[in-house]
1. Do we find that residue B:147 is in a loop (DSSP other than H, G, I, E, B), of a type in the set (D, E, K, R) and more than 14 Å from every other protein chain (Cβ to nearest Cβ) in this structure?
2. Which of the residues spanning region B:178-209 are over 21 Å from residue B:82 (Cα atoms), within 8 Å of chain A (Cβ to nearest Cβ) and outside any loop (DSSP other than H, G, I, E, B)?
3. Got a sec? Which of B:225, B:269, B:233 is touching a residue at least 12 places away in the same chain (Cβ under 8 Å), out of contact with any strand residue (DSSP E or B) (no Cβ under 8 Å at 6 or more places or on another chain) and under 19 Å from residue B:63 (Cα atoms)?
4. Any idea which of A:329, A:314 is free of Cβ contacts under 8 Å to residues at least 40 places away in the same chain, of a type in the set (Val, Ile, Thr) and buried (at least 16 other Cβ atoms within 10 Å of the Cβ)?
5. Can you name the residue in region A:74-112 that is part of a helix (DSSP H, G or I) and among the hydroxyl-bearing types (Ser, Thr, Tyr) and is also nearest to residue A:64 (Cα to Cα) among such residues?
6. Quick one: in region A:87-113, of everything that is in contact with a Phe, Trp or Tyr (Cβ under 9 Å, 6 or more places away or on another chain) and not hydrophobic (A, V, I, L, M, F, W, C), which residue is nearest to the other protein chains (Cβ to nearest Cβ)?
7. Can you report the number of residues in region A:150-175 which are over 15 Å from residue A:112 (Cβ atoms) and over 18 Å from the mean Cα position of the chain (by Cα)?
8. Hey, could you check region B:218-235 for residues that are crowded, with 22+ Cβ neighbours inside 10 Å and within 16 Å of the chain's Cα centre (by Cα) and say which is nearest to residue B:70 (Cα to Cα)?
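The values are calculated or read from the model by the stated rules, or taken from the named source; none is laboratory data. Predicted, not measured: the structure shown is a model, and the values here were computed from it. Cβ placement follows ideal geometry from the backbone for every residue including glycine, while neighbour counts extend to all protein chains displayed.
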Amino acid sequence: MQGYIYPNEFELQWSLLIVLYPYITGLVAGAFILASLERVFNVKEVQPTYRLSLLTALAFLLVATLPLLAHLGHPERSYEIFLTPNRKSAMAMFGFVYAWYLMVVLLVEIWFDYRADMVQWYQQSSGLRRWFYYALTLGATDVSEKSLKFDDSAGRWITIIGIPSAFLLHGYVGFIFGSIKANPWWSSVLMPVVFLFSAIVSGIALVLVIYMLTTMFRWRKIDMACLEKLAQFLFYALIVDFSLEALDFLHRLYESEESIEILSQMIQSRLFISLIVLQVLMGTVIPLILLALTSPALRKGGFVKAAPELKQLIFLTSAVLVQIGVFSIRWNVVIGGQLFSKSLRGLTVYKVELLGIEGLAVTMGLLLLPFVILWVLVKVLPPWSDTEASAPSPVAG
Amino acid sequence: MMAEDGRIPGSSPSPPEAEDLGRREFLSEVLTVCGGAVPLFLGAVRVPLAAAQDSEYDATEHFYGMGVDVNRCIGCGRCVNACTVENDVPPEPHFTNTWVERYIIGTDGTVIVDSPDAGINGFPPTEHEEGILKTFFVPKLCNHCEEAPCVQVCPVGATFATEDGVVLVDEDYCIGCRYCIQACPYGARYLHPEKHVAGKCTFCYHRLVEGLVPACVEVCPTGARIFGEVEGRPTPLAQFMRFNMVQVLKPHLNTKPKVYYANLDGEVR
């Protein structure tokens, strides 16, 4: 502790778990927006990641509520947010936004996209497996050309609805923080927009990593055109994200409101590692340079000619760095917003505990859980399009 | 400024006299003991009393606020102590419904603020007498804002403003999300470590409905805290606001606080 803080500020209200919440919803929104690139904006190169993106979004969305629930003082009362929401509260809308996104957008889009495959798997398999896939088709086993066409057009429309919904899902999380006028670190109209673009950045980077790793572990050849396109979009999203962050920073600095002194102190001391080193330098500047040099973002083929294997390594490194950077953004927002006193006269400290419900162990568990779910989803609904073509599978062989 | 018996002057209708209460209590006790329901003893006494007051107290007739005269506060911390005794304030020293801040402003413009254990035990002497321009104490508490951000953000409506202008928390309803604590610009809220719901100053609402002033107001030896109706009545608060230049904390946030400070220094946030 340094300076003066109000007596009730000795305890930090929102801990590591609440850092996780915007991080995870950001990945959901970002992965979905990447999927929509192929579907709505006809970026054909990223097609190999389309289904993977949707499943990734679903896996993370299923986990998104857990850190919130674990953090509530009375999780058993959480249903009240659905039954008697306070319509003036930004947080009260959470349940509805979440439910809309899960039920109306993500599940429906995945269902339409997989329906024909599910019918095929149902017809080809036997026993329990057969009934399982039949249940997944919801009895809609018509695979005539007309119905397939309908699937396609329905999926397209849902994606079109899905893009603003994904914006809503994550922009809304930004609004929860940005609308708190009591907190000068949070209170910013740019907050939802910054959240959104950092979400897109993190989503693209995550799918890039998952695509590379899953392709490598399946001993398939990585589609370089796809990877380069991902790297290119990652670069663009990162530029927008960084510009917005820089704008926010400059705006605060130039306006120099009464909070500027304590916030500067906080950045120079408490947030130096997580903001300057991790978020800006490692999470933004280094990936930007790497991607500018090697991806086709600024020049076809990149400025530096490199072997595909080296490029893959560079893209992978950039994507991992970007993940660290985006996690730091969430940390700096959530934790940073609580490290200074609202008296603007002092700084407090936050120590992450190892065990306990809000500790590091639970956080790591919650970060790994989506990957377990994704693994199950991939087993049930294989997203690969290259299985039959490039590999001897037992069915085809 | 305040009636001797701790009642809110001008509050109507006046509650039963202390003597009557005693008589009624006595009768209840006799009846209960006669009924042989000794374990229900206290409950049996309290229920009819509460019912009687509910019918008498009309929240629509009141709109409460508090005045704080900074010049009168001596930093004794009795208000903090009284609040802790009167209300279910958690035992940890760092949670509190009300607290007192000490400001030490140096001749070179430096400002040192402290509030050891919320000021409950008073303040240690200043280390150096030299170089001090001025010092003063500022009692703080929930401002019971008319446009309370905590009420706005509560996702389930567990935090609400009563008709008589008091911001309360429904403990059976609060989900413990802590959004209200984040939204309060004054640091007036905390999460109760045992109940796991938001805790805060209630203006001693249980006393208000009995026609009594909040505990902190009653015990203040210098009359630095003044309680009453914000407008329309010749109460001590109305008088205080009429004869002093008053201001509220963080007015730029437009929360419309109902704790009014007289003689407040610009350094106080």
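1. The answer is no for residue B:147.
2. Within region B:178-209, B:179, B:181, B:182, B:183 qualify.
3. Working: B:225 fails: out of contact with any strand residue (DSSP E or B) (no Cβ under 8 Å at 6 or more places or on another chain); B:269 fails: under 19 Å from residue B:63 (Cα atoms).
Criteria check complete, one pass: B:233.
4. After ruling out the rest, the residue left standing is A:314.
5. Residue satisfying both the conditions and the ranking: A:98.
6. Per the criteria, the residue is A:89.
7. Going residue by residue through region A:150-175, those that are over 15 Å from residue A:112 (Cβ atoms) are A:163-175.
From what's left, over 18 Å from the mean Cα position of the chain (by Cα): none.
The qualifying residues number 0.
8. Step by step, filter region B:218-235, then rank; the result is B:224.
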